[in-house]
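Peer 1: Dropping the structure in here first, questions after.
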Amino acid sequence: MTARTQTNLWIAQRASAAVLALCVVVHLVVIVYAMRGGLSAAEILGRTRGNFGWLAFYGVFVLAAAVHAPIGLRAIAMEWLGWRGRSLSIALHLVALALAVLGLRAVWAVFAP
Amino acid sequence: MTTLQVDVWRGAQSGRYQRFEVPREANQTVLDVVTYIQRRLDATLAYRFACRVGMCGSCAMTVNGVARWTCRTHVSKVAHGGRVEIGPLANLPVIKDLATDMREFFDKWARAKGSLAPTATRRDDFARVPPDSPARAAATAGIECIGCGVCYASCDVVAWNPDYLGPAALNRAWTLANDVRDGARVERLRAVAGDAGCHACHTHMSCTERCPKAIAPTASIAGLKRATALAALKGEL
């Protein structure tokens with residue numbers, strides 16, 4: 001992997017971290033705010049179903065996590081396990097894919113009527 | 001007369017600590033202690049020093065687990081209960097006793113393109129660099145490095161990733177990246193980018209904490225991260 005690609009990975013991780021920082025704050029504030037008087041699953045679904053705003057918000061959240069986490073795992077794998085090369089790259093692409101698929105599936109589940 | 005109990009590393013990569021009793025003196029430095037042992041108690045002790053005044057960067061050792069320049073470290077600052085443990089610098093192969101093989105440390109300066117690539121000839125006039133320009137200020141912040149290896153021995157990332165160029169080499173690259181006379185900016189940014197370069201730094205700041213010259217290599221590495229990211233976005237890298 002070239003130094004340019006490694007630099008691009010670093011940029012992607014920093015950029016996704018900025019997105020995640022905002023998303024996590026909104027996510028937590030909304031949870032605390034919405035839970036004040038108790039909340040049921042049916043009430044949550046009532047607000048998220050068909051709501052394109054929440055679909056977009058959590059879609060972006062999931063994609064940012066799918067970009068951010070594998071790049072961080074890559075550094076841990078290389079420094080702590082000495083794992084490098086093609087097998088690591090394949091494993092991390094699978095992690096990214098799993099995060100994106102499972103996350104987007106969950107987002108779709110609370111959006112779809 | 002009070003004495004100091006000194007445990008000194010003997011051997012190479014494998015070895016053991018040997019106990020010596022050294023007379024305690026006023027204003028005694030750790031280097032004074034090592035020199036006393038070598039001259040009076042055991043002439044076979046190997047260690048390295050030159051200037052004794054904090055200029056040359058050759059006498060760094062591990063003192064009570066912390067990398068320090070021994071010529072400017074007073075015993076009173078580090079001896080707890082009249083004892084002190086002195087070992088070779090970490091993250092470098094030990095040649096003998098307190099002397100480490102620093103080739104890799106300096107080879108990495110070369111790998112980080114740590115030498116000036118001049119753009120002027122002898123027929124050109126002197127470069128005029130305003131002392132208060134931002135680039136000159138950034139270079140000045142890192143220029144006083146004496147190459148002692150304390151930062152390199154203190155860095156976790158060097159311990160985990162043997163290819164990592166390390167704080168001193170990257171700090172040197174940052175001073176040159178801010179040198180308006182230099183003509184190899186992009187090549188140097190290419191050399192210090194990526195997993196073996198500035199992007200491996202986790203900002204633990206041990207180098208900044210322990211640098212005897214109070215340089216902040218962490219800040220220099222952060223500067224390189226910004227510069228390489230900008231170069232990558234412009235397609236220069």
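Peer 1: Looking only at strands (runs of 3 or more DSSP E) that lie completely in region B:1-87, which have at least 1 residues being assigned by TED's automatic domain parsing to the domain that holds B:Thr208, aromatic (Phe, Trp, Tyr) and in contact with a helix residue (DSSP H, G or I) (Cβ under 9 Å, 6 or more places away or on another chain)?
Peer 2: Result: empty, no element qualifies.
Peer 1: Also, quick follow-up: Look through B:Ala216, B:Ala169, B:Ala173 and report the one residue that is farther than 21 Å from A:Leu9 by Cα, within 14 Å of another protein chain (Cβ to nearest Cβ) and under 15 Å from the mean Cα position of the chain (by Cα). Lay out the reasoning, then the answer.
Peer 2: Details: B:Ala216 fails: within 14 Å of another protein chain (Cβ to nearest Cβ); B:Ala169 fails: within 14 Å of another protein chain (Cβ to nearest Cβ).
Answer to the selection: B:Ala173.
Peer 1: Looking at B:Leu165, is it closer than 21 Å to A:Thr2 by Cα, at pLDDT 95 or above and in contact with a Pro (Cβ under 7 Å, 6 or more places away or on another chain)?
Peer 2: Working: closer than 21 Å to A:Thr2 by Cα: yes; at pLDDT 95 or above: yes; in contact with a Pro (Cβ under 7 Å, 6 or more places away or on another chain): no.
The answer is no for B:Leu165.
Peer 1: Something else now. Could you list, in sequence order, the residues of region B:145-164 that are in contact (Cβ under 8 Å) with a residue 60 or more places away in the chain and outside any helix (DSSP H, G or I)? Break it down stepwise before answering.
Peer 2: Taking region B:145-164 as the starting set, the residues that turn out to be in contact (Cβ under 8 Å) with a residue 60 or more places away in the chain are B:145-155, B:158-159.
Listed by number, the residues that qualify are B:Cys145, B:Ile146, B:Gly147, B:Cys148, B:Gly149, B:Cys155.
Peer 1: What do you reckon, is B:Ala90 free of Cβ contacts under 8 Å to residues at least 12 places away in the same chain and among the small types (Gly, Ala, Ser)?
Peer 2: The answer is no for B:Ala90.
Peer 1: If you don't mind, another one. Determine which member of the set A:Ile44, A:Ile90 is β-branched (Val, Ile, Thr), loosely packed, with under 15 Cβ neighbours inside 10 Å, without any contact (Cβ under 8 Å) to a residue 12 or more places away in the chain and over 15 Å from A:Cys23 (Cα atoms). Spell out the reasoning first.
Peer 2: Numbers: A:Ile44 fails: without any contact (Cβ under 8 Å) to a residue 12 or more places away in the chain.
Just a single option satisfies the conditions, and that option is A:Ile90.
Peer 1: Another question, then. If I filter region B:183-207 down to residues being buried (at least 20 other Cβ atoms within 10 Å of the Cβ) and more than 14 Å from chain A (Cβ to nearest Cβ), which single residue comes out as farthest from the chain's Cα centre (by Cα)? Give the derivation first.
Peer 2: Restricting attention to region B:183-207, the residues satisfying the condition of being buried (at least 20 other Cβ atoms within 10 Å of the Cβ) are B:188-201, B:206-207.
Remaining after also requiring more than 14 Å from chain A (Cβ to nearest Cβ): B:206-207.
Working: B:Ser206: 11, B:Cys207: 8 Å.
Of everything passing the filter in region B:183-207, B:Ser206 is farthest from the chain's Cα centre (by Cα).
Peer 1: Identify the residue in region A:27-41 that is surrounded by 12 or more Cβ atoms within 10 Å (Cβ to Cβ) and at pLDDT 90 or above and, among all such residues, is nearest to A:Ala109 (Cα to Cα).
Peer 2: Taking region A:27-41 first, the residues surrounded by 12 or more Cβ atoms within 10 Å (Cβ to Cβ) are A:27, A:30, A:34, A:39.
Narrowing the set further to residues that are at pLDDT 90 or above leaves A:27, A:30.
Details: A:His27: 17, A:Val30: 19 Å.
Across region A:27-41, the extreme among qualifying residues is A:His27.
Peer 1: Turning to a different aspect of this structure: Looking only at helices (runs of 4 or more DSSP H) that fall completely inside region A:1-106, which ones have 2 or more residues that are in contact with a Ser or Thr (Cβ under 9 Å, 6 or more places away or on another chain) and away from chain B (no Cβ under 14 Å)?
Peer 2: Details: elements: A:3-34, A:41-48, A:52-80.
Passing ranges, in order: A:52-80.
A quick yes/no check of all residues on (1) closer than 26 Å to B:Cys198 by Cα; (2) buried (at least 20 other Cβ atoms within 10 Å of the Cβ); (3) more than 23 Å from the chain's Cα centre (by Cα):
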site	(1), (2), (3)
B:Gly15	no, no, yes
B:Tyr36	no, no, yes
B:Ala43	no, no, yes
B:Tyr47	no, yes, no
B:Arg68	yes, yes, no
B:Asp97	no, yes, no
B:Arg103	yes, no, no
B:Ala110	yes, no, no
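Peer 1: Limited to region B:216-237, what total is found for residues that are β-branched (Val, Ile, Thr) and under 13 Å from B:Arg185 (Cα atoms)? Lay out the reasoning, then the answer.
Peer 2: As a first pass, look at region B:216-237 and keep what is β-branched (Val, Ile, Thr): B:218, B:221, B:228.
Adding the requirement that they be under 13 Å from B:Arg185 (Cα atoms) leaves B:228.
Final tally of qualifying residues: 1.
Peer 1: Consider B:Asp156 against the criteria (1) of a type in the set (D, E, K, R); (2) surrounded by fewer than 23 Cβ atoms within 10 Å (Cβ to Cβ); (3) more than 14 Å from chain A (Cβ to nearest Cβ): it satisfies all of them except one. Which criterion is unmet?
Peer 2: (3)
Peer 1: Report yes if B:Thr121 is at pLDDT below 95 and either over 22 Å from B:Ala200 (Cα atoms) or out of contact with any helix residue (DSSP H, G or I) (no Cβ under 8 Å at 6 or more places or on another chain) (or both), otherwise no.
Peer 2: Spelling it out, B:Thr121 is indeed at pLDDT below 95 and either over 22 Å from B:Ala200 (Cα atoms) or out of contact with any helix residue (DSSP H, G or I) (no Cβ under 8 Å at 6 or more places or on another chain) (or both).
Peer 1: Now for a different question. In region A:42-85, how many residues are of a type in the set (S, T, N, Q) and touching a Phe, Trp or Tyr at 6+ places or on another chain (Cβ under 6 Å)? First the steps, then the outcome.
Peer 2: From region A:42-85, those of a type in the set (S, T, N, Q) are A:48, A:51; that's our starting set.
From the residues that got through so far, the ones that are touching a Phe, Trp or Tyr at 6+ places or on another chain (Cβ under 6 Å) too are A:48.
Summing the residues that are of a type in the set (S, T, N, Q) and touching a Phe, Trp or Tyr at 6+ places or on another chain (Cβ under 6 Å) in region A:42-85 gives 1.
Peer 1: B:Glu104 is checked against (1) at positive phi; (2) free of Cβ contacts under 8 Å to residues at least 60 places away in the same chain; (3) of a type in the set (D, E, K, R) and fails just one. What number does that condition carry?
Peer 2: Status for B:Glu104: all satisfied but (1).
Peer 1: When you scan region B:103-142, how many residues do you find that are part of a loop (DSSP other than H, G, I, E, B) and either closer than 19 Å to B:Leu224 by Cα or not assigned by TED's automatic domain parsing to the domain that holds B:Val192 (or both)?
Peer 2: Matching residues across region B:103-142 total 7.
The values are calculated or read from the model by the stated rules, or taken from the named source; none is laboratory data. The structure displayed is predicted, hence computed values, not measured ones. Neighbour counts are summed over all protein chains in view; Cβ atoms, including those assigned to glycine, are modelled from backbone coordinates with ideal geometry.
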